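Novice: One structure is given below, represented as structure tokens, and several questions about it will come after.
The values are calculated or read from the model by the stated rules, or taken from the named source; none is laboratory data. Computed from a prediction, not measured in an experiment: that's the story for all the values here. Quick reminder, even Gly has a Cβ in these numbers, built from the backbone with ideal geometry, and neighbours come from all protein chains shown. Heads up: the accessible areas ignore ligands, DNA and RNA and are worked out on the full protein's heavy atoms, side chains in. Shrake-Rupley method; radii C 1.70, N 1.55, O 1.52, S 1.80 Å.
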Amino acid sequence: MKNSLGKVYRIKPRQPKVAVIGAGPAGLSAAYMLSKRGVPVEVFEAGTQPGGLAKSISLWNQTVDLGPHRFFSKDERVNRLWFEVVGSDFTVINRMTRIHYENKLFDYPLKPFDALAKLGLVEAVHCGLSYLKSKCSAPCDPATFEDWVVQHFGNRLYEMFFRTYSEKLWGISCQELDADFAAQRIRQLSLYEAVKNGLLKSNTRQHKTLVDEFAYPKLGAGMVYERMAQRIVQNGGFVHYGTQVEKVFTENGVATGIVLRDGALRKYDHIISSMPLPVLVARLPESPPHVKYLTQFLRFRNTILVYLQVDSPNLFPDNWLYVHSPEVRVGRITNFRNWSSDLYGAERSSILALEYWCNDEDALWREGEPQIVELAGKELRSSGLVGNAKILNGHVHRIPRCYPVYSTGYRKVLGPIQDYLGSIRGLQAIGRYGAFKYNNQDHSILMGILAAENVQEQASHNLWEVNTDYDSYQEDEAVVLR
Ligand SMILES: Cc1cc2nc3c(=O)[nH]c(=O)nc-3n(C[C@H](O)[C@H](O)[C@H](O)COP(=O)(O)OP(=O)(O)OC[C@H]3O[C@@H](n4cnc5c(N)ncnc54)[C@H](O)[C@@H]3O)c2cc1C
């Protein structure tokens with residue numbers, strides 16, 4: 001058997017044949033690890049290029065990602081794989097991110113002295129009192145996002161710096177959002193610890209942390225996955241683009257193949273799936289009705305990315321800004337000019353990506369491209385971030401079901417689905433959409449690595465446990481690039 005590079009693909013005796021669904025970070029990492037070890041692997045990707053949500057695209061003679069894509073991991077296996085693929089083609093970025101609120105820019109992660117200085121003395125005292133009040137009446141084990149943040153920062157800071165942004169992102173009240181989301185994405189700090197750290201750090205040379213800098217592929221986040229796909233083929237594997245998998249086929253509790261759009265059934269010994277979890281479960285021929293029924297309660301949030309080309313090379317220094325201001329709908333703005341110079345080359349304009357979040361039924365999701373570009377242009381202008389610089393072009397990129405929503409009680413819904421999928425031999429569900437996990441690239445890469453080890457080394461990694469160790473997933477360690 002020959003692949004597209006003409007490489008002869010010798011199937012070693014007793015090597016399992018593996019199909020991987022999806023050429024995003026999760027699927028490609030699994031396929032790359034397997035192909036390196038000579039396991040026959042084929043990747044099936046519905047889209048036309050590798051990278052999934054972490055792909056890079058060309059726009060107005062420049063390269064952009066789908067929103068900001070900062071790679072960060074404390075896991076040695078993930079870093080080893082990433083640097084093996086990227087080699088020396090990365091740049092170290094001094095991270096700069098701030099919060100846009102009431103026409104002021106606050107440091108992010110929130111720094112108590114910066115925030116309190118910009119809020120003024122009276123507001124600072126209110127924040128302090130509100131924090132003390134929350135400490136006196138804090139519930140022991142917060143169940144919701146709101147409880148968690150109020151317990152750690154007090155109600156006043158929660159209202160200013162957490163509520164609006166989170167409600168824009170998730171489209172539900174913070175009382176309906178599970179505390180898991182806060183524990184995963186907000187540093188394990190309380191206001192007291194943050195103030196204490198601020199005082200201590202002002203007396204010592206500040207340790208460079210992952211908050212301060214990160215490694216970024218010179219040609220965009222997608223470069224990593226383009227290279228992985230190429231190497232899979234060099235290693236004798238296959239990556240089929242424009243090839244949507246309709247369903248995974250099972251017989252007597254064993255996954256035996258996949259069915260493509262044209263109805264063709266292809267037989268494999270193992271299937272690693274990063275296709276949407278609800279679709280996978282709904283189409284498995286042997287799924288019990290109660291498991292199928294539960295998938296409708298897994299909720300996702302859509303993203304609309306509006307790219308605006310602005311006629312200036314110098315707008316603001318941030319990699320991205322969080323927009324907490326409630327008077328605009330935009331939630332985050334990325335400035336690709338501040339990532340890698342290879343993204344823009346000789347071009348003089350800056351490309352910004354404005355992120356809007358919505359559900360299928362929201363009017364904005366169904367709005368035409370010119371109207372969305374106009375809204376984004378108006379909001380950008382009103383933010384004061386671009387002064388009088390001319391907006392030259394606009395482009396809309398819609399991402400359906402981009403964020404798995406950790407609404408309260410989601411684990412009770414997910415549990416039986418995980419149990420059922422875990423009972424099917426030869427099938428592994430991985431990835432952000434594929435496993436209903438609010439993954440960053442590193443989590444999806446790790447799921448891919450572990451899924452490959454489960455196949456090749458008969459390891460028994462529990463993939464559902466990836467991205468649940470929130471305490472150690474914090475950004476306070478020194479950067480270890482190699
Ligand atoms: C706006 C935004 C900002 C982000 N910022 C960061 C960041 O700063 N840092 C970070 O690390 N991560 C970030 N992420 C997250 C990162 O993009 C994801 O964690 C990562 O891409 C998930 O990889 P995955 O392989 O699990 O899923 P995906 O990237 O979703 O890949 C799944 C792939 O499967 C394919 N597929 C689906 N169904 C089928 C089917 N039936 N048949 C064949 N193929 C199929 C899809 O086309 C897709 O290519 C961000 C994401 C977004 C949207």
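Novice: Determine how many Å³ per residue the convex hull of the Cα atoms of the chain encloses.
Specialist: Values: hull volume 75.6 nm³, N = 482.
So the per-residue Cα hull volume is 157 Å³.
Novice: Continuing with the same structure: What ranking do 449-458, 127-136 get when scored by the average of other Cβ atoms within 10 Å per residue, highest first?
Specialist: On the way: 449-458: 20.1, 127-136: 16.3.
Answer by packing, highest mean first, reads 449-458, 127-136.
Novice: Oh, and also: In a shell of Cβ-Cβ distance under 12 Å around Val279, excluding Val279 itself, what net charge do Lys and Arg (+1) and Asp and Glu (-1) give? Before the final figure, lay out the partial values.
Specialist: Working: positive: Lys247, Arg283, Lys292, Arg401; negative: Glu246.
Computed value for this residue: +3.
Novice: Moving on to the next point. Taking the mean number of other Cβ atoms within 10 Å as a proxy for protection, how do you rank 110-116, 274-280 from highest to lowest?
Specialist: 274-280, 110-116
Novice: Distance cut-off 29 Å, Cα to Cα: go down the list Lys135/Lys437; Lys104/Lys412; Lys55/Lys247; Lys118/Lys378; Lys218/Lys378 and report the pairs above it. Display every interim value, and only then the final one.
Specialist: Working: Lys135/Lys437 31 Å; Lys104/Lys412 41 Å; Lys55/Lys247 24 Å; Lys118/Lys378 26 Å; Lys218/Lys378 32 Å.
Violating the 29 Å Cα-Cα cut-off are Lys135/Lys437; Lys104/Lys412; Lys218/Lys378.
Novice: May I pose another question? So what J values fall out for the stretch 297-304 if you push phi through Karplus, 6.51 cos²θ - 1.76 cosθ + 1.60 with θ = phi - 60°, rounded to Hz, Gly and Pro as x?
Specialist: 8, 7, 9, 10, 10, 8, 10, 10
Novice: How do Asp147, Asp360, Asp419, Asp180 rank by accessible surface area computed with a 1.4 Å probe, from largest to smallest?
Specialist: Details: Asp147 45, Asp360 75, Asp419 110, Asp180 20 Å².
So the residues, ranked largest to smallest area, are Asp419, Asp360, Asp147, Asp180.
Novice: Under the √(5λ) rule applied to the eigenvalues of the Cα gyration tensor, what semi-axes describe the equivalent ellipsoid of the stretch 231-374? Give them in Å, descending.
Specialist: Values: eigenvalues 329, 112, 34 Å².
Those come to 41, 24, 13 Å.
Novice: Using bins 10 angstrom wide from zero, how does P(r) for the stretch 87-188 break down, in % of all Cα pairs?
Specialist: Once binned at 10 Å, the Cα pair distances of the stretch 87-188 give 14, 42, 31, 9, 4, 0.
Novice: Can you order the peptides 54-66, 289-301 by their average number of other Cβ atoms within 10 Å per residue, highest first? Don't jump to the answer; show the numbers that get you there.
Specialist: Values: 54-66: 19.5, 289-301: 15.5.
Result, highest mean Cβ count within 10 Å first: 54-66, 289-301.
Novice: To continue, here is another question. Local charge sum around Leu66 (other residues, Cβ-Cβ under 14 Å, Lys/Arg +1, Asp/Glu -1)?
Specialist: Details: positive: Lys55, Arg70, Arg332, Arg398, Arg401, Arg432; negative: Asp65, Glu355.
So the surrounding residues net to +4.
Novice: What share of the DSSP beta bridges in the chain is antiparallel, in percent to the nearest 5? Present the calculation step by step, with values, prior to reporting the outcome.
Specialist: Working: 52 of 71 bridges.
Looking only at bridges with both residues in the chain, the antiparallel portion is about 75 percent.
Novice: Sticking with this one: If you plug each phi of the stretch 237-245 into the Karplus form 6.51 cos²θ - 1.76 cosθ + 1.60 with θ = phi - 60°, what whole-Hz ³J(HN,Hα) values come out, in order, with x for Gly and Pro?
Specialist: Calculated HN-Hα couplings, in order: x, 10, 10, 9, 8, x, 10, 7, 8 Hz.
Novice: Can you tell me the accessible area per residue over the chain, all protein chains present, probe 1.4 angstrom, in square angstrom?
Specialist: With all protein chains present, the chain gives 44 Å² per residue.
Novice: Run the helix sum for the chain: -39,500 (n - 2.57) per DSSP H stretch of 4+ residues, divided by residue count, reported at 222 nm to the nearest 500 deg cm²/dmol. The partial results should precede the final answer.
Specialist: Values: 16 runs with 162 residues, N = 482.
Rounded to the nearest 500, the figure is -10000 deg cm²/dmol.
Novice: Which percent of the accessible heavy-atom area of the stretch 11-105 goes to carbon and sulfur, probe 1.4 angstrom?
Specialist: Details: 1640 of 3550 Å².
Ligands and nucleic acids excluded, carbon and sulfur reach 46 percent.
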